[in-house]
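The values are calculated or read from the model by the stated rules, or taken from the named source; none is laboratory data. As the structure is a computational prediction, the values presented were derived from the model and not from experiment. Cβ atoms come from the backbone with ideal geometry, glycine included; neighbour counts cover every protein chain shown. Note: accessible area is taken over every heavy atom of the protein model, side chains too, but ligands, DNA and RNA are not part of it. Shrake-Rupley method; radii C 1.70, N 1.55, O 1.52, S 1.80 Å.
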Amino acid sequence: MNNKNLSFLEALLIIVPMTFAIRASNNMLITTIPLIARYDFLFNNTEIGLISALISLGTFITSGIINARLKSPVRRKIFIASSISYAIVLPLFYLSSPLLIWLFSALAGISLGAIMPNIINAAGLLKDRKARERLLSIYTLALSISLVAGPAIESLILRYYVLKTVFLWFEPFAILGAILSFFIQFPEEKNVAKTSIKVFSNPGFKVAVINILSYNIPFAAFTAFAGVYAKQAFGISYSQVTALFSLFFLTSFIARLYLSIRPAQLISRFTTFSILTTAVGLSIIALTKSFPLFLLALFILGFPHGITYPMSVISISRTFTPENRNAANSQFFAIMMLIGVVTPTVAGFIAQVIGIRLMFGVLIPVVLFLLGLLRRYVKAVDEVST
């Protein structure tokens with residue numbers, strides 16, 4: 001099938017179910033591994049941070065170093081092979097030990113690095129800007145639906161089965177992703193090596209990166225430690241811990257549903273709201289020890305989670321041609337993964353010294369600094385849409 005002839009409906013029917021399948025299983029992976037590490041293998045906060053970072057490191061290597069430099073035909077083959085590899089690795093976590101969990105985490109991360117950026121590319125192939133941005137919003141909406149449904153499914157499973165069995169129950173999602181990988185479309189790029197050099201000077205790319213930094217820094221710490229903190233501080237069960245993530249992702253879903261119905265025109269309005277809301281949510285967690293207020297913080301933090309990523313991918317889609325978007329999306333996704341390497345590592349050390357709750361408070365000045373930095377570049381991207 002020719003990419004240029006893909007209709008909106010065809011792209012939707014391929015991209016949405018694969019996005020759901022991969023993201024639901026991937027989110028289960030990154031939120032469940034810390035629980036297994038702490039409560040099955042007795043890892044400390046530093047070790048939990050390091051194993052969370054290892055997953056992102058594998059993804060960063062594949063996305064930022066390998067995928068960004070490949071031409072479309074080779075990239076498609078690696079994409080399909082990685083999707084199949086991910087389906088093979090996921091159930092192996094059921095057999096993990098204190099040593100094997102490091103190996104399986106690295107392999108899962110390496111596989112995902114070739115999958116996620118190419119799904120973003122496929123979602124941005126439509127020529128019509130309104131149709132393309134609507135598809136990108138629906139793509140991010142599918143991400144949110146998977147993030148609501150995934151923890152809810154996991155919570156139900158954990159009422160009856162032990163923690164490690166979750167990886168077996170989520171294996172059908174990985175298999176579905178492997179099957180659908182054969183239908184994902186790839187653009188033909190020109191001068192891939194040259195376009196990748198120009199990525200970092202593009203104002204839309206700067207906005208996308210600063211914007212995602214403002215949320216992915218706290219989110220990387222959140223996925224690594226929120227479940228451990230909730231169980232430790234409030235004494236709740238594994239099933240209840242995973243149910244908490246559904247609450248968080250429910251408000252993310254609401255935000256992305258809104259963006260799917262009413263696509264953003266001025267990115268600056270949404271990014272400012274997102275960063276300020278992030279600071280509020282982090283403040284509630286850091287300053288209180290109340291379980292109801294912790295739930296409120298999760299509810300609040302879901303909104304910027306739902307807004308930030310769509311604004312970044314739209315910023316890239318507005319300021320790069322289709323031929324150059326693979327380089328931009330690959331580098332963007334690699335930076336996201338680099339955040340996922342650095343943040344849990346540093347957060348783990350900080351949490352080991354001052355505790356998980358206060359560690360979240362340390363992130364607030366970082367987020368506010370990024371708001372000031374973002375305002376220097378976002379106007380140029382807003383002008384593209386006017």
Any idea which of 220, 103, 201 is furthest toward the positive side of the dipole for the range 95-226, if Lys and Arg beta-carbons carry +1 and Asp and Glu beta-carbons -1?
201
Given a 1.4 Å probe and every protein chain left where it sits, what share in percent of the accessible area of the chain is carbon and sulfur?
70 percent
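For the chain, what's the relative contact order in percent, using C-alpha pairs closer than 8 Å and at least 6 residues apart? Working shown, then result.
Values: 629 pairs, mean separation 112.4, N = 386.
Relative contact order here is 29 percent.
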In square nanometres, what is one fourth of the surface area of the convex hull spanned by the alpha carbons of the range 1-67?
6.3 nm²
Going through the cross-link list 127/206; 206/289; 77/379; 77/164; 130/379, which pairs have a Cα-Cα distance over 29 Å in this structure?
206/289; 77/379; 77/164
Ignoring everything except DSSP H segments at least 4 long, calculate the 222 nm mean residue ellipticity for the chain; use -39,500 (n - 2.57) per segment, divide by total residues, nearest 500.
-26500 deg cm²/dmol
In the range 1-88, the trypsin sites (Lys or Arg not before Pro) that sit in a DSSP loop and have at most 15 other Cβ atoms within 10 Å of their own Cβ are 71
Could you state, as a whole-number percent, how many of the C-alpha pairs of the range 1-191 are farther apart than 19 Å?
59 percent
Under Karplus coefficients 6.51, -1.76 and 1.60, residue-wise ³J(HN,Hα) of the range 56-71 in Hz, glycine/proline x:
5, 5, x, 5, 4, 4, 5, 6, x, 9, 9, 4, 5, 9, 9, 7
Selection from 11, 62, 22, by position along the positive dipole direction of the range 1-191 (Cβ):
11
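Hand me the trypsin sites (Lys or Arg not before Pro) from the range 347-377 located in a DSSP loop with no more than 15 other Cβ atoms within 10 Å, in residue order please.
The qualifying sites are 375, 376.
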For the pair residue 262 and residue 379, how long in nm is the line joining their label points, each one 7 Å along Cα→Cβ?
2.6 nm
Cα-based Debye curve of the range 194-385 sampled at q = 0.08, 0.11, 0.15, 0.16 Å⁻¹ gives log₁₀ I(q)/I(0) of -0.27, -0.50, -0.89, -0.99
Vicinal HN-Hα couplings computed from phi for the range 370-381 (Karplus, 6.51 cos²θ - 1.76 cosθ + 1.60; Hz; Gly/Pro x):
5, 4, x, 5, 4, 5, 6, 10, 5, 4, 4, 6
Expressed per residue, the solvent accessible area of the chain in Å² (1.4 Å probe) is about 39 Å²
I need the P(r) histogram for the chain: all alpha carbon pairs, bin width 20 Å from 0 out to the longest distance, whole percents.
30, 61, 8
